[in-house]
Every structure is written in C-alpha cells, then in structure tokens.
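Notes follow once the structure below has been shown.
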Amino acid sequence: MVTEVLVGLDCRPGRVYVDGTVGEGGHAAAILNRTAPDGKLWGLDRDPAVLKAAAVRLAPYTSRFRLFHCSYAQLGEILEEAGEPAVAGILLDLGLSLHQLQRSGRGFSFQKDEPLDMRFNPEKPGKTAADILNSATPAALEKIFAEYGEEPRARRITRLVMEARRQHPFRSTQQLVTLVQQAQGPGRRRGERHPATRVFQALRIAVNRELEELALFLGEVPGWLAPGGRLVVISYHSLEDRMVKQKLRAWEQSGLMRRLTRKPLAPSGEEVQRNPRARSAKLRVAEKVGEQSVSKGEMVWPDM
Ligand SMILES: C[S@@+](CC[C@H](N)C(=O)[O-])C[C@H]1O[C@@H](n2cnc3c(N)ncnc32)[C@H](O)[C@@H]1O
C-alpha cells in the first residue's frame, strides 16, 4: 500500500519522517524518493538482520536516512537524543517482513523446518516460541492461541501440546505443524488457510509482546508529532486494528488528533494478487491537530 502510505503521510521535502517498522526499507525508499531532495527518513526496527538489508537498500540516499535498532515504542528516546522535538509523519507497518519469513531461519514460517525461535531481536535475551510451548501453563497457552491467533481449536491444540511436550520438548517448526494438523483432522476446504497459520501468528505475537509494544507506542505518539503531522498504521490482525481504531477515536474526541480515515483502507485486488500476504491489511491515518493542520473533513484519496 505504498501510494496510500505516501498520501497518508503527506510526504514533502524538507521534513523528517519516521518509519517505525522499516523492515527491508520498501516504504522507506518510497518516502525518500517522494521527499527528495532534502527530506529525511529515520528507520527503526527490532531486527538487526533486516536493518542490515535496509542499510544496503537505502545506501543510495546517503545522508538523508538514519537507522536505529530499537522498538518503535522507544521513538521518544531517539527524538530526545537527536534534539528533534517532533516529526512530520510516522509510519507503522506491523507484522512480519519477507526476510523474516523466508530467510531468517528463526521459525516464522510453517513451510520450513527451523528452530522455533520467532524473536524479532535474537540478540536480546527473552523467551523463544519453543520456550513458551515447553513451559507455559495450559491456561496461558490456550489464551495465546485463542486471543492472538483467533484459533477456534485453541483448547484442543493446547491439550495436544501438553501431551506432546511430556514426551519430547518442542524444538522445531515441523513438530508444531504436525501437531496442529493432528488437531485439525483430515481435509481442508478449498481456499482455507493452512491450519498452522493462526498458531504461528499467535506465538509470534506472544514472543515479541507485540500488543504491549503497540499500546506503549499509542500512549505516546501524539507527543512525537508536530502540529499537522500524520500517523499511518497498517495492521494485519483484528486485535491490533481494534487498538488503533479505538485510540484514534479517543484522540479525536479529546481534540488531540483527527481521523482522516473513518473506515480503514484495504489493498486493491491487484495488490492482493501480487502479494497475497497483504490481503488482511488495514490502513488508518490520523493527523495531529494544530495551526499547521490544513485538512478539513475526511481525506480525499487519489485514484489508486
Ligand atoms: C511488515 S514488516 C515492514 C516492512 C516495511 N514496511 C517495508 O516496506 O520493507 C514489519 C517489520 O516490523 C518490525 N517490527 C515489529 N515490531 C517492531 C517494534 N516494536 N519496533 C520496531 N520494529 C518492529 C519487524 O522486525 C519487521 O521488520
């Protein structure tokens, strides 16, 4: 949803924009192009490996970008250190990058056989997906599968995990895939997602405390935006989208920010065809209220 991001952020030269989930730098490169010749982009990511890829991709923009290895929830510290009181726009494109899924070797994909790690930042000590599967209580596991994965078979999967881990501790993705397939039983309807999709998503969210990070960010972000500054969030999960939607409404009610999307924008059919992972994306935009704020009413989106 690159065009939607550029329009949503109201990208212009001479300003500083933050990509809080820079990944391999796809959106960041588009922002740098749009804000040439002197716009600046600061990219944040928790994953040191994707930051390396971003550095290579963004190298042609030389001094116009900076990369930071940290969570987007720590943006306040970055602004303070840089002596920058506020920025013109902040983007979050939540979820997983293609690199993490396909090349990280950290067990994000149920299509590979890899160690069940799933930490965005493997340099930081913290529980891996295998640690959670091997040590969480049944109640905690069921909650993770049901809430973070919206998995209807959460109880059954939890029971199977408890039985399986007594025999062999979980180590690899394929151990978990086999177990989920067992919970589902034979047969899958046409077009239905792989049965392990929800369980993998749930564990990744739990391992990285993704909802907690988002809550911290949403608690602070209006203070990090200049008047008229824009926030664009792309979420892929109903829990995340609900958190963003509720916060945007609360800010509007208190006169702090204005919603520029009443209903979230979805990717075009053509984009979904090109990139099926985008199918559940929802994009929301808000603007910090202030003297610089020029938009009136809901935003008019160009033909995209
Ligand atoms: C969907 S990808 C972003 C892709 C990027 N927009 C692009 O165009 O290449 C999401 C990225 O967010 C990062 N991420 C997830 N949670 C984060 C957090 N709390 N702070 C910073 N980065 C985070 C992940 O490591 C991943 O690289």
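All of the numbers you see were taken from the coordinates with simple rules; none came from a lab. Given the structure is predicted, the values throughout are model-derived calculations rather than measurements. Every residue, glycine as well, gets a Cβ built from its backbone with ideal geometry; the counts of neighbours run over all protein chains shown.
Overview of results
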| read-out | value |
| --- | --- |
| Inter-site label distance for residue 166 and residue 101 at 7 Å from Cα along Cβ, in nm | 3.7 nm |
| Pairs from 143/282; 127/263; 124/263 whose Cα-Cα separation, in the structure shown, is over 29 Å | 127/263; 124/263 |
| Counted charge near residue 71, where neighbours are those whose Cβ lies closer than 11 Å (Asp, Glu -1; Lys, Arg +1) | -3 |
| Virtual spin-label span in nm between residue 254 and residue 84, 7 Å along Cα→Cβ | 2.4 nm |
| Residue order, fewest to most surrounding Cβ atoms within 10 angstrom, among 243, 257 | 243, 257 |
| Test item: Cα-centred dipole of the chain, Lys/Arg +1 and Asp/Glu -1 on Cβ, debye | 1000 debye |
| Positive dipole terminus of the chain, leading residue within 149, 74, 39 (C-beta point charges) | 149 |
| Residues 212, 271 arranged by fewest to most Cβ contacts within 10 Å | 212, 271 |
| Those GluC sites (Glu not before Pro) in the range 219-258 that DSSP places in a loop and that have at most 10 other beta carbons within 10 Å | none |
| Computed [θ] at 222 nm, helices only, for the chain once each DSSP H run of length n ≥ 4 contributes -39500 (n - 2.57) | -12500 deg cm²/dmol |
| Residue 38-residue 77 FRET efficiency (beta carbon distance; Förster radius 22 Å; 0.05 resolution) | 0.30 |
| Mean shadow area of the range 110-236, taken as a quarter of the surface of its Cα convex hull (nm²) | 10.0 nm² |
| Residue exposure sequence - 47, 113 - by fewest surrounding Cβ within 10 Å | 113, 47 |
| Where a label projected 7 Å from the Cα of residue 66 along Cα→Cβ would reach, residues of the range 24-47 with amide N under 11 Å | 41-43 |
| Within-9-Å neighbourhood charge of residue 122 [Cβ basis; K, R +1; D, E -1] | 0 |
| From the C-alpha gyration tensor of the chain, square roots of 5λ in Å | 36, 21, 18 |
